[in-house]
Amino acid sequence: MHPFMRGAVDWIRRRAENVVAGLLGLMFVAFIVQIVFRYFFNFPIGWSSELSVVAWLYMVLIGAAFWLREGEEIRFDLVAGSLGPRARRIIGILVAAATVVLFAMSFPAAWSYVTFMKVESTSYLKIRLDVLYSVYLLFAAAVIVRYAWDVWRLLRGAGPEAIDATKTSSGL
Amino acid sequence: MNLTSPFSLALIAIVGLSLLGLPVGHAMIGGSILWLFLAGRDMGTAAEQLLNGMMSSQLLLAIPLFILAAEFMNAGSIMDRLLRFCNAIVGRFRGGLAQVNVVQSIIFASMSGSALADAAGSGKLMQSLMTRDGKYTPAFAAALTCVSSVIGPIVPPSIPLVLYALVSDTSVGYLFLGGIVPGLLLGVVQMALIALAARRRNFPIEEKVALRELPRITWQALPALLMPVILLGCLYSGVTTPTEAAAVAALYALLVSALLYRTVGWKDVYHSLTTSARVTVSLGMLIAGAMVFNFVITSENIPRTLSAMLQAYELSPLTFLLFVNLTLLVLGCFLEGTTIILVILPVMLPTAQALGIDPVHFGVMAVVNIMLGLVTPPYGLLLFMMTKIADVSLRDMVREVMPFLYVMFGALALITLVPDLTLWLPRLLGYKG
């Protein structure tokens, strides 16, 4: 990869980390505020739970799109990991290409769903849903670009990413 | 259903893509898009299901907050104090340090909802303590940390039980209560096995802590020991929702670490946030994928079909539970547990309901089974993680894990056969089931 591109990708990844960590902090604070208002001021607020749900949605989609490396996601790498580098490269190309095709295929329909949602807004914060939901388009676009880049990279002969089972996430 | 139906092709795509290394969440979204395309549906439905599903699941927010609470606890010096407390109690027996490992896991389980977090949090420390001066073999120490960590998500709080609550519409509160006795049972069988092995293998005894030291050590560990009390208190007094209880737990952990033990600074807080966020994002992506794919499963009426098919065999509830256990064990050999909870359990639930099996019992049993999958070869995430942390070979560790697996499978059989073991505590606190 060109050093400038490498730098840009790293920069995006670090900013995405800041955003995602910030959103988790925001969610945490929103909950505390909500509890304090209800029990100490006897004043239930609705916007805080809406805010934390929005933070959750954005955390997951932005984090998956711009932050996490593929090896940090939840996946089964047992089969892929047991193959030789050549076979893994070919399989890597096929899997990445299929991902690009599937996400690209549904992109126009996702676009029209999201833009159609401009007719509705959230109940407390009055955020228009097309604006709110556009994060999905960002996510889908990032998936397409990332896997297209993978196809390109593997076709040009780069080796597949080493598999490290300890990096794989799990919620268990 | 034939092999070229849209559903079969989508399923093949999902299994194929994820076995070949695509993250499971992405694979489920991709496979669902394929189904929508083949079935001639609007492909925007994938986006719709994902967005609306994520926006309407308040309950799920408990997951990042529980992870954060455990992370704050890990960041502070709480683990040290907890270990000293455990050592003062069980260190005096033969195989003392091994018993400490289990007791520590049980206590930490009541603050954390994740086995991997438990192993990562205490794994390194326990490993160096246990192997120092050649007290225990590295393989035994690593194996023990693995098996004791599976108690983490069975004793509340529990991430897998929150996920189960989501897919089964069961109360998180009662599920958490239901996990307590089975979790303790697993701890007891592990400790019994250690006690037996201790005499045979001549495990060392730790230096006795004088009884008059006990109040001081307990006092120092008290803020950490209070965490489960606060958590369960919030939940069962009805003061907070389960999600709010998770936020309170996280706040408490932060305050204890930062103010009382003075071991956490801003930098650590940011680090805890990113560590928790990493797990949250990968788990969230899997949940998002499952939400899209579950729409496909429901549209195809799979759970009903399976239920009708199984009922045609006139299974007894017990045979069905055995069938479920065996299926989960086999699936657990190559599937990751959260996927099983989010995708496989919803398919089995209608049958369980039709057979009159209690959803809390079913959920706790399934989660215990799936947790055992974490330490069952060939595909056991905890085993893989521990080989790296402890730097021991998988083969040596598996040999030490096996006896524990046998007794834990015994405990699972007991949990399956005796629903009261799970349901006694929830019923005591008002569960009508």
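Hey, does region A:110-126 have a residue that's buried (at least 16 other Cβ atoms within 10 Å of the Cβ), more than 24 Å from residue B:9 (Cβ to Cβ), more than 8 Å from chain B (Cβ to nearest Cβ) and in contact (Cβ under 8 Å) with a residue 40 or more places away in the chain?
Within region A:110-126 (the criterion being buried (at least 16 other Cβ atoms within 10 Å of the Cβ), more than 24 Å from residue B:9 (Cβ to Cβ), more than 8 Å from chain B (Cβ to nearest Cβ) and in contact (Cβ under 8 Å) with a residue 40 or more places away in the chain), the answer is yes, since at least one residue qualifies.
Need a quick list: helices (runs of 4 or more DSSP H) entirely within region B:34-126 having at least 1 residues that are within 14 Å of chain A (Cβ to nearest Cβ), open to solvent by 30 Å² or more (accessible area, probe 1.4 Å) and not small (Gly, Ala, Ser). Don't jump to the end; show me each part of the working.
Working: elements: B:45-55, B:62-75, B:78-90, B:96-109.
Correct list: B:45-55, B:62-75.
Between a first residue in region B:397-419 that is under 20 Å from residue B:141 (Cα atoms) and a second residue that is of a type outside the set (A, V, I, L, M) and surrounded by fewer than 17 Cβ atoms within 10 Å (Cβ to Cβ), which pairs have beta carbons less than 8 Å apart while being 6 or more apart in sequence or on different chains?
B:398/B:377; B:400/B:137; B:401/B:377
Every residue in region B:358-405 that is part of a helix (DSSP H, G or I), out of contact with any Ser or Thr (no Cβ under 9 Å at 6 or more places or on another chain) and among the charged types (D, E, K, R), please.
Result: B:395, B:399.
So residue A:102 fits all but one of (1) more than 7 Å from chain B (Cβ to nearest Cβ); (2) open to solvent by less than 30 Å² (accessible area, probe 1.4 Å); (3) within 23 Å of residue B:44 (Cβ to Cβ); what number is the exception?
(1)
I want to confirm something. Restricting to region A:73-93 and keeping residues that are more than 10 Å from every other protein chain (Cβ to nearest Cβ) and part of a loop (DSSP other than H, G, I, E, B), which single residue is farthest from the chain's Cα centre (by Cα)?
For region A:73-93, the residue satisfying everything is A:84.
Here is a check on your reading of the model: is residue A:31 away from chain B (no Cβ under 14 Å) and aromatic (Phe, Trp, Tyr)? Can you show your working first?
Numbers: away from chain B (no Cβ under 14 Å): no; aromatic (Phe, Trp, Tyr): yes.
Here the answer is no, as residue A:31 does not meet what is asked.
Yes or no: region A:48-64 includes at least one residue that is crowded, with 17+ Cβ neighbours inside 10 Å, touching a residue at least 40 places away in the same chain (Cβ under 8 Å) and more than 17 Å from the chain's Cα centre (by Cα).
Yes: one or more hits.
Could you pull out the residue among B:163, B:226 that is under 23 Å from residue B:86 (Cα atoms) and either among the hydrophobic types (A, V, I, L, M, F, W, C) or touching a Ser or Thr at 6+ places or on another chain (Cβ under 6 Å) (or both)? Reasoning before the result, please.
Numbers: B:163 fails: under 23 Å from residue B:86 (Cα atoms).
After ruling out the rest, the residue left standing is B:226.
The values are calculated or read from the model by the stated rules, or taken from the named source; none is laboratory data. The model shown is predicted, which means the values in this text are computed figures rather than measured ones. Note that we place each Cβ from the backbone using ideal geometry, even for glycine, and neighbour counts take in every protein chain shown. Just the protein is used for accessible areas: all its heavy atoms, side chains included, with ligands, DNA and RNA removed. Shrake-Rupley method; radii C 1.70, N 1.55, O 1.52, S 1.80 Å.
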